[in-house]
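The block underneath contains the structure these notes are about, expressed in structure tokens.
The values are calculated or read from the model by the stated rules, or taken from the named source; none is laboratory data. This structure is a prediction, so every number in the text was calculated from the model and none was measured. Reconstructed Cβ throughout: ideal geometry from the backbone, glycine too, with neighbour counts over all protein chains shown. Just the protein is used for accessible areas: all its heavy atoms, side chains included, with ligands, DNA and RNA removed. Shrake-Rupley method; radii C 1.70, N 1.55, O 1.52, S 1.80 Å.
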Amino acid sequence: MRTAVTGELPAQLRGFRKVQRLAYECAEAVAARLRPGVTEREAARMQRSWLRERGVRDWFHLPFAWFGDRTAFVNFRVPLQFFPTDRRLEPGMPFILDMAPVLDGHTADIGYSGSLGLNPVQDRLMADLEAHRELILREVRGRRPLREIHEDVDRLMVRQGYANRHRAYPFGVIAHKVDRVRPRRWSPHVFGFGTQALKGLASDALHGHREGWSPLWSPYRFSDHPPRPGLWAVEPHLGFRGTGAKFEEILVVTDSEDPEESAFWLDDDLPHVRRWAEEK
């Protein structure tokens, strides 16, 4: 937990904040280099190269990039459709960069939404995501079951006039647990996911099944339990007529009886949070 006086993070959380900030720095750097004609595959390689130059050798998952209506997962039906394609970026087109690097054993999983030039629809989506960040934190602090929070996010999206696009992810997850992995100079990956991180998630799933909880935050019965202490990569994803937007960042959940210490976002100095502050 953070110290009551300074709000300083304990050492075990600083490594996660460091890699999360690095990932968002990468997203901003790559977004600044995007030009008409760049493909999703090229944008994904740019993320991977930028992070490797800064010491990343392992991944929860390799970088993704989605352009145009793929930001809203239009017609996505199988997991392979999430992987980068030869879709080319065009002026005014929305994009999402998504990466999950591991550095010194600490994992991040982030999502960054932007557009090549002006895109008022995505701007509106991003503005409306602020309410979801606030709702999720408030209800986690209230120890509501994860399944019910997922449903409340759905209802908020409907009131805003949007479609829920995180339901397109496997198991319809809005979040998943992340943890430390054993640092290695190089780690293999399977179908784009690092084997070390997958082993950790599988171990959590096994323990959770025995104890009545899941490391996947979904709309299904296996998520019908209060928030489990740990780190959760949370990604509400809005869609509207072929345009999508999301953020993804780490939410820290503890067993503290102090509401403010029972759950908090790992970092409030992130691009989407700064954007909302500037718009007020």
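Percent of Cα-Cα pairs per 5 Å bin, from 0 to the last occupied bin, for segment 26-156, please list those.
2, 10, 17, 18, 17, 17, 12, 6, 1, 0
Return one whole number: the accessible area per residue of the chain in Å², for a 1.4 Å probe.
47
Of the listed values [x] 56; [y] 71; [z] 61, grab the one calculated as percent of Cα pairs over 22 Å apart from the structure here.
Given [x] 56; [y] 71; [z] 61, the calculated one carries the label [x].
What net charge is computed for the residues neighbouring residue 73, neighbours being all others with C-beta under 10 Å from the C-beta of residue 73, Lys and Arg scored +1, Asp and Glu -1?
Combined, the nearby Lys, Arg, Asp and Glu give +3.
Taking the Cβ of residue 116 as the centre, find all other residues whose Cβ is under 15 Å away and add up their charges (Lys, Arg: +1; Asp, Glu: -1).
For residues surrounding residue 116, the net value is -1.
What does the charge count around residue 97 come to, taking other residues whose C-beta lies under 14 Å from its C-beta (Lys +1, Arg +1, Asp -1, Glu -1)?
Result for the local shell: -2.
I need to check one value: relative contact order of the chain, counting alpha carbon pairs closer than 8 Å and at least 6 residues apart, in percent.
That works out to 22 percent.
Could you list the GluC sites (Glu not before Pro) in segment 51-137 that lie in coil according to DSSP, counting only those with at most 14 other Cβ atoms within 10 Å of their Cβ?
Taking segment 51-137 and a limit of 14 other Cβ atoms within 10 Å, the loop GluC sites (Glu not before Pro) found are 53.
Which percent of the accessible area of the chain is formed by carbon and sulfur heavy atoms (probe 1.4 angstrom)?
Accessible surface attributable to carbon and sulfur in the chain totals 52 percent.
For the pair residue 152 and residue 265, how long in nm is the line joining their label points, each one 7 Å along Cα→Cβ?
It is 1.7 nm.
With +1 on each Lys and Arg Cβ and -1 on each Asp and Glu Cβ, and nothing else charged, work out how big the dipole of the chain is about its Cα centre, in Debye to the nearest 20.
Here the chain has a charge dipole of around 940 debye.
Quick check for you: which residues of segment 96-123 have the amide N under 16 Å from the point 7 Å beyond the Cα of residue 14 toward its beta carbon?
Residues 104-106 fall inside that zone.
Under the 0.36 nm per residue contour assumption, what length would be gained going from the current alpha-carbon distance of residue 277 and residue 143 to full extension?
Full-extension gain reported as 45.5 nm.
Under a point spin-label approximation (7 Å from Cα along Cα-to-Cβ), what is the residue 182-residue 39 distance to one decimal in nm?
It is 3.7 nm.
Taking the Cα centre of segment 76-119 as the origin, how large is its charge dipole in debye, to the nearest 20, when only Lys and Arg (+1) and Asp and Glu (-1) carry charge on their Cβ atoms?
The calculated dipole for segment 76-119 is roughly 220 debye.
Any idea how far apart residue 74 and residue 160 come out in nm if each label point goes 7 Å out from Cα toward Cβ?
2.0
Report the gain in length on full extension from residue 83 to residue 49: 0.36 nm times residue separation, minus Cα-Cα distance, nm rounded to one decimal.
Between residue 83 and residue 49, full extension yields an extra 10.5 nm.
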